Amino acid sequence: MHHSDICIAGAGIIGLSLALELHRRGLSVTVFDQAQPLGEASTAAAGMLAASDPDNPAPLRKLADLSLSLYFEFLDRLHAHSGIAVPFHTSQTLQSQISSSSDTLSREALGRILPQLTPRNHHFTLLDEHSLDPRNLAAAVLAAVRATTIDLQPNTKVLSTRSIDDSVEVHTTQGIFHAAKFVNCTGAWATHSTLAPSTTIAPRKGQMLAIAIPPTLSLPLVVRTHGMYIVPRTTGPNKGRAIIGATIEDAGFDKIVHPADIAHLRALAADLLPALADAPQLEVWAGLRPSTPDELPFLGPSPDHRNQFVSAGHYRNGILLAPATAHVMAQMISNQPTAIDLADYSPARVLTSSAIAH
Ligand SMILES: Cc1cc2nc3c(=O)[nH]c(=O)nc-3n(C[C@H](O)[C@H](O)[C@H](O)COP(=O)(O)OP(=O)(O)OC[C@H]3O[C@@H](n4cnc5c(N)ncnc54)[C@H](O)[C@@H]3O)c2cc1C
């Protein structure tokens, strides 16, 4: 009989960061993914640690701040276990604000920071904010997991779960597993997989492109407006590219890339940085953000299923929030007090037992 302390469904950044944290605490962990680990949203992301994005809901801030406080240690641990360094690519972001404020940069100041920017009617502020390459992060996380005794089971879909006495029966396409506790980390699938105590996590599609930064443009920081961002890769194998994103669409599980949407993103970018207008296009892709109605993740025990937890719905910020999510979920699963109050993220906040799928 297969038995672990903890079974996790979903080997994205949320599931695997949690697996590493639980393993560090001495627990045996099995992680299932219906496809390949880190093959979905976690490698489609731009990689901004955008805790100060004005589009974030206010209650996200305390989880975001906790994550930022843990990030260096998280990356150091990954490096130690995987041998793969995950450097930050940028440490500042030019953020467009709806209206002018005391923090708004003057045209002269903007010109000094990014001479080739044509700000149009945007009001920009300068944020201290880092970005990294999520594909680099994914490689480090996967290598770190493989360096442990974490049992990673790709191509194994979790079909259903059942709480029985002090354990959970996990039914998968590869048979039945048993664990003391089960965590649903299936991202945009958390509802459709019939695992979550929720009907309220939905995929929200984001299309993106990568371009080669022209040699005439020096782009050392992120530029972000309400509808578009430009994120340069400044080191490593992808040095010299910039990611331009992203659409936000309710399109179910469709990941088709549409040239017209890509052209629109590119036009928005070129409007601010005309040097990008003719930059060679290197890649296009789409990913599925796990969105919730209030844009806050669900972190906590399943309201109706004993020993089952959910950690999903990180929407636009799962790369930012992974270290804090792993930290507080591991505390909760180990029956310890959590570093921050998680009431805002409780799976019970908008859920009713009638919405629970079995
Ligand atoms: C275009 C785009 C840009 C983004 N940019 C940023 C950014 O700049 N900064 C940031 O912080 N975040 C960003 N995000 C958000 C971030 O990518 C997500 O919040 C994060 O990746 C969610 O991680 P996850 O592990 O929950 O989901 P995923 O990475 O999607 O992983 C879920 C996993 O669950 C598996 N699964 C599903 N159902 C089952 C089942 N029944 N059984 C077993 N396995 C199952 C899937 O195969 C998948 O591997 C972006 C997202 C997109 C799409």
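The values are calculated or read from the model by the stated rules, or taken from the named source; none is laboratory data. Quick caveat: nothing in here was measured; it's all calculated off a predicted structure. In this analysis, Cβ positions are derived from the backbone assuming ideal geometry, glycine residues included, and neighbour counts consider all displayed protein chains. Surface accessibility is based on the protein's heavy atoms, side chains included, excluding ligands, DNA and RNA. Shrake-Rupley method; radii C 1.70, N 1.55, O 1.52, S 1.80 Å.
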**Single condition G187 does not satisfy, out of (1) in contact with a helix residue (DSSP H, G or I) (Cβ under 9 Å, 6 or more places away or on another chain); (2) open to solvent by 10 Å² or more (accessible area, probe 1.4 Å); (3) within 11 Å of the ligand (Cβ to nearest atom); (4) in the same structural domain as T125 (by TED's automatic domain parsing)** = (4)
**Condition broken by L66, with the remaining ones in (1) surrounded by fewer than 24 Cβ atoms within 10 Å (Cβ to Cβ); (2) assigned to a loop (DSSP other than H, G, I, E, B); (3) hydrophobic (A, V, I, L, M, F, W, C) satisfied** = (2)
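Per-residue answers, yes or no, for (1) closer than 30 Å to L296 by Cβ; (2) not assigned by TED's automatic domain parsing to the domain that holds L276:
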residue: L66; (1), (2): yes, yes
residue: S69; (1), (2): yes, yes
residue: T104; (1), (2): yes, no
residue: L110; (1), (2): no, no
residue: I113; (1), (2): no, no
residue: H122; (1), (2): yes, no
**Request:** Taking the options H264, H314, name whichever one is closer than 18 Å to E249 by Cβ and touching a helix residue (DSSP H, G or I) at 6+ places or on another chain (Cβ under 6 Å).
**Result:** H314
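Quick grid of which residues meet (1) in contact with a helix residue (DSSP H, G or I) (Cβ under 9 Å, 6 or more places away or on another chain); (2) open to solvent by 10 Å² or more (accessible area, probe 1.4 Å); (3) among the acidic types (D, E); (4) more than 15 Å from the ligand (Cβ to nearest atom):
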{"site": "R289", "(1), (2), (3), (4)": "yes, yes, no, no"}
{"site": "T292", "(1), (2), (3), (4)": "no, no, no, no"}
{"site": "E295", "(1), (2), (3), (4)": "yes, yes, yes, no"}
{"site": "P301", "(1), (2), (3), (4)": "yes, yes, no, yes"}
{"site": "Q308", "(1), (2), (3), (4)": "no, no, no, no"}
{"site": "A322", "(1), (2), (3), (4)": "yes, no, no, no"}
{"site": "T325", "(1), (2), (3), (4)": "yes, no, no, no"}
{"site": "Q336", "(1), (2), (3), (4)": "yes, yes, no, yes"}
**Request:** Would you be able to tell me the number of residues in the range 273-287 that are farther than 23 Å from I248 by Cα and either open to solvent by 30 Å² or more (accessible area, probe 1.4 Å) or within 11 Å of the ligand (Cβ to nearest atom) (or both)?
**Result:** 4
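Here's the yes/no breakdown for (1) touching a Lys or Arg at 6+ places or on another chain (Cβ under 7 Å); (2) touching a residue at least 60 places away in the same chain (Cβ under 8 Å); (3) among the hydrophobic types (A, V, I, L, M, F, W, C); (4) farther than 17 Å from A330 by Cα:
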residue	(1), (2), (3), (4)
H2	no, yes, no, yes
Q36	no, yes, no, yes
M48	no, yes, yes, yes
L68	no, yes, yes, yes
G83	no, yes, no, yes
T90	no, yes, no, yes
T93	yes, yes, no, yes
T104	no, no, no, yes
**Message:** Just to be sure before I move on: is L27 surrounded by fewer than 24 Cβ atoms within 10 Å (Cβ to Cβ), touching a Leu at 6+ places or on another chain (Cβ under 7 Å) and modelled with pLDDT of 95 or more in the structure I sent?
**Reply:** no
**Request:** Only residues in the range 255-270 that are of a type in the set (A, V, I, L, M) count as the first member; pair them with residues that are open to solvent by 70 Å² or more (accessible area, probe 1.4 Å), Cβ under 8 angstrom, at least 6 apart or cross-chain, and list the lot.
**Result:** I262/Q281
**Count of the range 244-272 residues which are open to solvent by 50 Å² or more (accessible area, probe 1.4 Å) and of a type in the set (V, I, T)** = 2
**Message:** Condition first: over 22 Å from G187 (Cβ atoms) and outside any loop (DSSP other than H, G, I, E, B). Now tell me which residues in the range 211-260 satisfy that.
**Reply:** I211, A212, V222, V223, R224, I230, P232, R241, A242, I244, P259, A260
**Message:** Of the residues S67, S101, S106, only one is among the hydroxyl-bearing types (S, T, Y) and within 27 Å of G313 (Cβ to Cβ); which?
**Reply:** S67
**Message:** So for the range 110-121 (the condition being over 29 Å from L276 (Cα atoms) and part of a loop (DSSP other than H, G, I, E, B)), does at least one residue qualify?
**Reply:** no
